[in-house]
Amino acid sequence: MKAAIFYGAKDIRVENVAEPQNVGPGEVRLKPFWCGICGTDVHEYAMGPIVIPSKPHKLNGSILPQILGHEFSAEVLEVGKGVTNVKVGDRVSAMPLLSCGVCYFCSRGDNHLCTSMACIGLSCEWGGIAEQAVVPAANVFKLHDAVSDVAGALVEPTAVAAYGVDRGNVRPGDTILITGAGPIGALAALYAENLGARVYVSELNPNRQKMMNDLGVATLLDPTKDDVIATLKDATGGIGVDAVIECSGNERALQTAIKSVRSGGYVVQTGLHTKPASLEPMELSEREITYTGTWCYPVTDWPRIIDLIGRRGLAVEKVVSSKINMDDIVSKGFEELVSPTGTETKVLVRGH
């Protein structure tokens, strides 16, 4: 079977590998439909290995080379002994986080902060950009009939986005700013608008601006043309927005976030910074701003996100800019996503 395998920076190969031979108790064998290329994958391609282990991972012993893909939907081909939550033929979405279940954080239900956390497609024998994969049954969740195979591959990034908004304590009637309209920022806007918030999005990339306009759930601001801080102060009677979800990982955007939020408001750092960024701690104190980070999502969130997409009709598929075949993953996927002049926002790879 074919799989997209990471060997190192700028070295991803589509190769034939052996199909999974054994499905153990509590496991399922899957046939992936679609798998998203995540920003984490792009960082690995550009300068990795970073998260992908170059020595045996302490949870499961996984090591380079790594089959990629942690945002995927799939069909269940086989179930192992004791599996009752899904059956052969079910369409599912994979929750990729793997945790020990016994450390300080896991024992308190914060499995996403597990001290030895691993991830399907990053630190696991299997990944979703392959014709088959074997994963724990506890990590797959049946999709509603109303959730397409494409939308099923977007449950993972939607969970990331939703967690950022939730950590900002966003409530119906709030006014919020989202900095950065990449896939996570766009999905955060969809989620926040569905909650009943008034949403502003700051984005300078023309392709991402167009995507946000097509979504029609937010007022778009261009930081190269608009005075974002002044515009938001005017829109809120000089008070500032209730929360900012910072999704760009950009220092200037972070500083804009702090200047734009009201006293007593929330700034949530969801975008990952790849280098240090400066901020003024005194401003956090003087205005009692809560500045908090997010890491992944609660591992229990999958049924809620699937239900939200299926019943509320969140237009998550609109964040997808291209769907490509596995053989084109480098030329039409990673190379486009790392290019400063690339036009791609969210690329999905066909699993078979």
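The values are calculated or read from the model by the stated rules, or taken from the named source; none is laboratory data. Note that the structure is a prediction, hence the values are computed from the model and not measured. Neighbour counts run over all protein chains shown; Cβ positions are idealised from the backbone, glycine included. Surface areas here come from the heavy atoms of the whole protein model, side chains and all, with no ligands, DNA or RNA. Shrake-Rupley method; radii C 1.70, N 1.55, O 1.52, S 1.80 Å.
Filter the range 21-39 down to the residues that are within 22 Å of SER73 (Cβ to Cβ) and modelled with pLDDT under 95 and list them by number.
GLY39
When the residues of the range 294-352 are filtered to those that are of a type in the set (Lys, Arg), open to solvent by 10 Å² or more (accessible area, probe 1.4 Å) and modelled with pLDDT of 95 or more, which remaining residue is nearest to ALA188 (Cα to Cα)?
LYS318
Identify the single condition in (1) open to solvent by 50 Å² or more (accessible area, probe 1.4 Å); (2) within 21 Å of the chain's Cα centre (by Cα); (3) more than 22 Å from VAL330 (Cβ to Cβ); (4) not small (Gly, Ala, Ser) that ILE50 does not satisfy, given that it satisfies every other one.
Result: ILE50 passes all but (3).
VAL23 is checked against (1) within 21 Å of ALA159 (Cα to Cα); (2) assigned to a loop (DSSP other than H, G, I, E, B); (3) in contact with a Lys or Arg (Cβ under 9 Å, 6 or more places away or on another chain) and fails just one. What number does that condition carry?
(1)
Which of the helices (runs of 4 or more DSSP H) found entirely inside the range 240-329 contain at least 3 residues meeting this: out of contact with any Cys (no Cβ under 6 Å at 6 or more places or on another chain) and of a type in the set (Val, Ile, Thr)?
302-312
Would you confirm whether or not the range 112-125 contains a residue that is open to solvent by less than 20 Å² (accessible area, probe 1.4 Å), outside any loop (DSSP other than H, G, I, E, B) and out of contact with any Leu (no Cβ under 8 Å at 6 or more places or on another chain)?
Checked the range 112-125: no residue is open to solvent by less than 20 Å² (accessible area, probe 1.4 Å), outside any loop (DSSP other than H, G, I, E, B) and out of contact with any Leu (no Cβ under 8 Å at 6 or more places or on another chain).
On the given criteria, is SER260 farther than 27 Å from LEU97 by Cα and out of contact with any helix residue (DSSP H, G or I) (no Cβ under 8 Å at 6 or more places or on another chain)?
No; evaluated as a whole, the condition is false for this residue.
How about the range 220-251: which of its residues are in contact (Cβ under 8 Å) with a residue 24 or more places away in the chain and exposed (fewer than 13 other Cβ atoms within 10 Å of the Cβ)?
none
Quick check on this structure: which one of VAL160, VAL134, VAL147, VAL83 is open to solvent by less than 40 Å² (accessible area, probe 1.4 Å) and assigned to a helix (DSSP H, G or I)?
Just one listed residue meets the conditions, VAL160.
With respect to VAL217, is the statement that it is within 21 Å of the chain's Cα centre (by Cα) and either crowded, with 17+ Cβ neighbours inside 10 Å or under 21 Å from VAL201 (Cβ atoms) (or both) true?
Yes: the conditions hold for VAL217.
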